[in-house]
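The values are calculated or read from the model by the stated rules, or taken from the named source; none is laboratory data. Please read all numbers here as calculations on a predicted model, not as lab measurements. Here the Cβ is made from the backbone with ideal geometry for all residues, glycine too, and neighbour counts use every protein chain on show.
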Amino acid sequence: AKEHGRNMYQVYTTSMDDKQFQRFFMERDLRKAIMNDEFIAHFQPRVDAITGKTIGAEALIRWMHPTYGMVSPGEFIPLAEETGLIISLGKWMKRQVCEQLVTWRAANIPLIPISVNISSQRFLQSGFAQDLRDLLSEYKLDGHWIELEITENSLMKNEEYIYQTLLELKEMGVKIYIDDFGTGNSSFHYLKAFKLDGIKIDMSFIQHISCQSENAAITAAMIKMAQQLNMDVIAEGVETKEELAFLLEQNCHHIQGFYYGRPCAAMEFEKMYL
Ligand code: C2E
Ligand code: CA
Ligand code: CA
Ligand code: CA
């Protein structure tokens, strides 16, 4: 069930029966939205369950559609990827996060690192690290305030370029997390080939962990592996006390999920978590 805003895709579906039409109109609206700046960033806290402190946040894009209201990224990110518009959205988001960080800094609010989702399309295009370096220096921000969430498929092609990019990012102090860990169809080769900072265990493994023994076994194994590789582990989609208790038992205490908080706008985030 959608709780945040209306489901735009369904609005299109009910008024139009042709899939091509739906996509056509959504793409048109998305292009307009980029010109008219109809997006906002929401932030979801990442908490250390032992100290109860907010140790970071993930920036998540929202589309404030002039007629349909708030549209969630699940509705438009796939089309943005297909049409290449994801490049503009990613650019917008990285700048937005820098703006937010300097706003907090100017207000003397203690900063936390904010992670940004990076499409593999952008990550694999040349100049990724350099662009980020330029952006950070424009805002006079140290690299450790920005973290990147990439998916396994960003690490499967062009090993030499990826290696070089990761090296540059490391020099800048920018941490790299593997998002949706466990859902890709890649091998574990990249864990050996690249030095990554952490993994985010996909929420499909976390949910119902207490009553699905397969999920519990897989999650425990992923945590153990990451720890032995000296990687940070973030459990995503944690909603219940039982899920949290299981994770703590496995020594995983970096938690992101509705249990601690839903994504929200910057003002609310700063009141509740900073
Ligand atoms: P993701 O990167 O895996 O982000 C986590 C998603 O899980 C978010 O959905 C978040 O609201 C949701 N979530 C967090 N905790 C819980 C929980 O406890 N329970 C449940 N049921 N859900 C939880 P959201 O914001 O709708 O984003 C969906 C996806 O859209 C993201 O998945 C990401 O792949 C993509 N996305 C969002 N913002 C951006 C962006 O700026 N750039 C790119 N490239 N992709 C983005
Ligand atoms: Ca993510
Ligand atoms: Ca994820
Ligand atoms: Ca994802």
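Applying the selection to region 56-68, what residues are surrounded by fewer than 16 Cβ atoms within 10 Å (Cβ to Cβ) and either under 18 Å from the mean Cα position of the chain (by Cα) or not in a strand (DSSP E or B) (or both)?
As a first pass, look at region 56-68 and keep what is surrounded by fewer than 16 Cβ atoms within 10 Å (Cβ to Cβ): 64, 66-67.
Answer for region 56-68, where residues must be surrounded by fewer than 16 Cβ atoms within 10 Å (Cβ to Cβ) and either under 18 Å from the mean Cα position of the chain (by Cα) or not in a strand (DSSP E or B) (or both): 66, 67.
Has region 141-151 got at least one residue that is within 16 Å of ligand 1 (Cβ to nearest atom) and over 30 Å from residue 109 (Cα atoms)? Checked against the condition, which is being within 16 Å of ligand 1 (Cβ to nearest atom) and over 30 Å from residue 109 (Cα atoms), region 141-151 yields at least one hit.
Taking the condition touching a residue at least 40 places away in the same chain (Cβ under 8 Å), out of contact with any strand residue (DSSP E or B) (no Cβ under 7 Å at 6 or more places or on another chain) and of a type in the set (Asp, Glu), does residue 82 pass? Working first, answer last.
Numbers: touching a residue at least 40 places away in the same chain (Cβ under 8 Å): no; out of contact with any strand residue (DSSP E or B) (no Cβ under 7 Å at 6 or more places or on another chain): yes; of a type in the set (Asp, Glu): yes.
Spelling it out, it is not the case that residue 82 is touching a residue at least 40 places away in the same chain (Cβ under 8 Å), out of contact with any strand residue (DSSP E or B) (no Cβ under 7 Å at 6 or more places or on another chain) and of a type in the set (Asp, Glu).
Annotation: residue 262 fulfils all but one of (1) of a type in the set (Lys, Arg); (2) within 16 Å of ligand 4 (Cβ to nearest atom); (3) assigned to a loop (DSSP other than H, G, I, E, B); the unmet one is (2). When region 216-236 is limited to residues that are out of contact with any strand residue (DSSP E or B) (no Cβ under 7 Å at 6 or more places or on another chain) and crowded, with 16+ Cβ neighbours inside 10 Å, the one that is farthest from residue 50 (Cα to Cα) turns out to be 218.
Residue 77 satisfies every condition listed in (1) within 16 Å of ligand 2 (Cβ to nearest atom); (2) within 21 Å of residue 141 (Cβ to Cβ); (3) outside any strand (DSSP E or B) except (2).
Residue-wise test of (1) in contact (Cβ under 8 Å) with a residue 24 or more places away in the chain; (2) under 30 Å from residue 135 (Cα atoms).
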{"site": "232", "(1), (2)": "yes, yes"}
{"site": "242", "(1), (2)": "yes, no"}
{"site": "247", "(1), (2)": "yes, no"}
{"site": "271", "(1), (2)": "no, yes"}
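Tell me whether region 107-125 contains one or more residues that are touching a Leu at 6+ places or on another chain (Cβ under 7 Å), in a helix (DSSP H, G or I) and surrounded by 15 or more Cβ atoms within 10 Å (Cβ to Cβ). No, region 107-125 has no match at all. Does residue 44 satisfy the criteria of being outside any strand (DSSP E or B) and either surrounded by fewer than 20 Cβ atoms within 10 Å (Cβ to Cβ) or modelled with pLDDT of 90 or more (or both)? It is false that residue 44 is outside any strand (DSSP E or B) and either surrounded by fewer than 20 Cβ atoms within 10 Å (Cβ to Cβ) or modelled with pLDDT of 90 or more (or both). Every listed requirement among (1) surrounded by fewer than 19 Cβ atoms within 10 Å (Cβ to Cβ); (2) modelled with pLDDT under 95; (3) away from ligand 4 (no atom under 16 Å from the Cβ) is met by residue 71 save one, (1). Pull up region 196-225, narrow it to residues that are closer than 27 Å to residue 162 by Cβ and either of a type in the set (D, E, K, R) or not in a helix (DSSP H, G or I) (or both), then point me to the one that is farthest from ligand 2 (Cβ to nearest atom). Among residues in region 196-225 that are closer than 27 Å to residue 162 by Cβ and either of a type in the set (D, E, K, R) or not in a helix (DSSP H, G or I) (or both), the one farthest from ligand 2 (Cβ to nearest atom) is 224.
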